[in-house]
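Data block below; observations after.
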Amino acid sequence: MGAMELIREARPHGREKLRANLIEWFHWLLREAELYDVRYPVKGAYVWRPYGMRLRRHVEELIRRSHDETGHQEVLFPVFIPYEFFGKESQHIRGFEKEVFWVSKGGEEGERLVLRPTSETAIMPMVKLWVHDYKDLPLRLYQIVSVFRAETKMTHPMIRLREISMFKEAHTVHVDREDAERQVREAVEIYKKIFDEMCLAYMINKRPDWDKFAGAEYTIAFDTVLPDGRTLQIGTVHYLGTNFTRVFEVTYLAADGTRRLAHTTSYGISERSIAAMLITHGDDAGTVLPPRLAPIQVVIVPIFYGEEEAASVISYAREVEKALREAGMRVHIDDRPDKTPGWKFYFWELKGVPLRVEVGKRDLEKRQVVITRRDTLEKYAVGLGELVDAVRGLMRTVEENLRRRAWEELRSRIVRAETVEAAKAAIREGKVVEVPWSGDNDCGIKLKDLVGADALGVPLDSDASVGGFDLRDLACGEKRAEFWLRLSERY
RNA sequence: GGGGCCGUAGUCUAGCCUGGCUAGGAUGCGCGGUUCGGGUCCGCGUGACCCCGGGUUCAAAUCCCGGCGGCCCCA
């Protein structure tokens, strides 16, 4: 980079308002940054506005790319599922029936339809038609669609929805448990990559048995920690065993001539991940978008006094814009004549544009620009010759800083406790707390109730075994502790 | 599941308890001037069937009932 001179030290915006009431702050951000409108008159259903939609499309592109590169094929299934299919798997229907939307009219004589709350029972009957022998496997499908859940708890914009409008659900079919579990591990790797690019920090937890996906053998979840200490589930991966293939009779002809039941997995991500991203990188002035996902990566603000300067400064700004655009960057030049530079600075900081390029008469004369980072508000003077390299380098720096900050915050929030009292205190302080657990279901339920928190499960991102310590299960003192069980307040 | 609070111009909000002037402010928008390297300032103008439905009353944004939607706390 060379000729990049720091002309203002870091002085980032505070996070007091954000921490004081996270949900209020988030509603403010969605409204003021024109991302998403919460005023649509149906509970749990909201509107993506143009700027939010552009952000969402970059996230969808990341998700599509990550799946396409790893042997997944995109499909599109109907929103209707015949009740006959939906009800086939007993655990599945037990888990979802209370929150499924029924279609009260339509469908053929005697046929009842539901709106998909997830698509296992739509996909299985079709997979049965498509899979003949072991050479058709593994089959990896995904779609990005709306799913519907009649949430009884309080709904939250972009977080707890009745219409989840960006549900990426992958469904895979395998010859046996081993290959399906290999897929589960791969799905975890794919999700890590996606969240890494979103600069999100996450825990990977094996959900306790009582909280797994309805119809799954086990569920692995990605949980992030928001700035108020509550955790948010941002992705799940399920091993479904033969629970669905058994009832839908999805079998294949094996190499040895026998007919076998296939094993399946499913895994999902939704717009919750976008909410997590907006919040994680947020501050009292707005949000910061990871440069690779930002609809606008660089905003150029021309600064001029009077009309005689305007022409030359704007023409210089266009020169700068052209150079960045030709280098493949998403650039916007804000040449509105009725807004002052200061006003524009606040406006684009609110919207999370990662870099701002300021050009004025002084810069024109020196053939330079001033670049400001959104995350730290550091300012640099950069010669025109180094412009593209400097912007590229700073985008990388901002991205790395967002990711590093997120992980530091998350790591600082995870603590261990060996008594119920200590665990309670940790929860009160907004921590994720790991407590000794025998692994027994009933003891786990008792334990989370004793502490007064939700169970995220057993860590898969660090050593979960209590190992050398001689610790007792905090709820069942007669039992030896085998694992650390993560507890937190959850959204 | 239980409790509390709230819904007023495009947006944010005061007024509501204790019913009664022309529903006040900020922001936005339009015009004029002044400013422009961190939300310029001043003047004039514009904009609200006070969430919906019903009730009480001479009179309802205000009180009562129901609905819809939102926020907070507890289980």
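Quick note: the coordinates plus some simple rules give every number you see, no bench work behind them. The structure presented is a predicted model; accordingly, all values stated were derived computationally and were not measured. Cβ atoms come from the backbone with ideal geometry, glycine included; neighbour counts cover every protein chain shown.
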Where a ≥ b ≥ c are the square roots of the eigenvalues of the C-alpha gyration tensor, would you call segment A:289-409 rounded, which needs a/c under 1.5, or, failing that, prolate if a/b is larger than b/c, or oblate? prolate
No partner Cβ under 4.7 angstrom, meaning no disulfide-compatible partner by this rule: which Cys of chain A qualify? A:Cys199
Rg to Rh for segment A:1-89: what is it, with Cα atoms only and Rh by Kirkwood? 1.16
Across 5 Å bins beginning at 0, the whole-percent shares of Cα-Cα pair distances in segment A:414-488 come to 3, 20, 33, 26, 15, 2
Tell me, what HN-Hα J-couplings in whole Hz come from the Karplus equation 6.51 cos²θ - 1.76 cosθ + 1.60 at θ = phi - 60° for each residue of segment A:122-132, using x for Gly and Pro? 8, 7, 3, x, 7, 4, 4, 6, 8, 9, 10
For chain A, treating each Cα as an identical point scatterer without solvent, what Debye log10 I(q)/I(0) comes out at q = 0.12 1/Å? -1.12
Projected area averaged over orientations for segment A:359-427, convex hull of C-alpha atoms, nm²: 6.0
Antiparallel bridge percentage (DSSP; both residues within segment A:340-472; nearest 5): 75
If R₀ is 56 angstrom, what is the calculated FRET efficiency for the pair A:Arg362 and A:Glu69, using the beta carbon separation as r and rounding to 0.05? 0.75
Among A:Ser273, A:Thr419, A:Ile204, which residue has its Cα furthest toward the positive end of the charge dipole of chain A, with +1 on Lys/Arg Cβ and -1 on Asp/Glu Cβ? A:Ser273
Kindly provide the helix-only [θ] at 222 nm of chain A, computed as the sum of -39,500 (n - 2.57) over DSSP H runs of four or more divided by all residues, to the nearest 500 deg cm²/dmol? -11000 deg cm²/dmol
Based on the mean of other Cβ atoms within 10 Å per residue, sort peptides A:392-398, A:342-348, A:299-305 so the most packed one is first. A:299-305, A:392-398, A:342-348
Only bridges whose two residues both fall in chain A count here: according to DSSP, what percent of them are antiparallel, nearest 5? 80
For segment A:439-467, list residues with backbone N below 18 Å from a point placed 7 Å from the Cα of A:Asp196 toward its Cβ? A:460-462
Which whole-Hz couplings ³J(HN,Hα) result when phi for each residue of segment A:31-44 is put into the Karplus expression 6.51 cos²θ - 1.76 cosθ + 1.60, θ = phi - 60°, listed in order with x for Gly and Pro? 6, 5, 7, 6, 8, 7, 10, 8, 8, 4, x, 10, 3, x
Residue by residue, what Karplus-based ³J(HN,Hα) values in Hz, rounded to whole numbers, does segment A:406-414 have, using 6.51, -1.76 and 1.60 with θ = phi - 60° and x for Gly and Pro? 4, 6, 4, 4, 5, 4, 6, 9, 9
Gain on full stretching of the segment that runs from A:Lys339 to A:Glu308 - 0.36 nm per residue minus C-alpha separation: 9.4 nm
To two decimal places, what compactness ratio does segment A:33-280 give when its Cα radius of gyration is scaled by 2.2 N^0.38 Å? 1.02
Theoretical gain in end-to-end length, A:Arg396 to A:Arg57 [0.36 nm per residue, Cα-Cα removed]: 120.0 nm
Please work out whether segment A:69-164 counts as rounded, prolate or oblate from its C-alpha gyration tensor, where a ≥ b ≥ c are the square roots of the eigenvalues and a/c under 1.5 means rounded, while otherwise a/b larger than b/c means prolate and anything else oblate? oblate
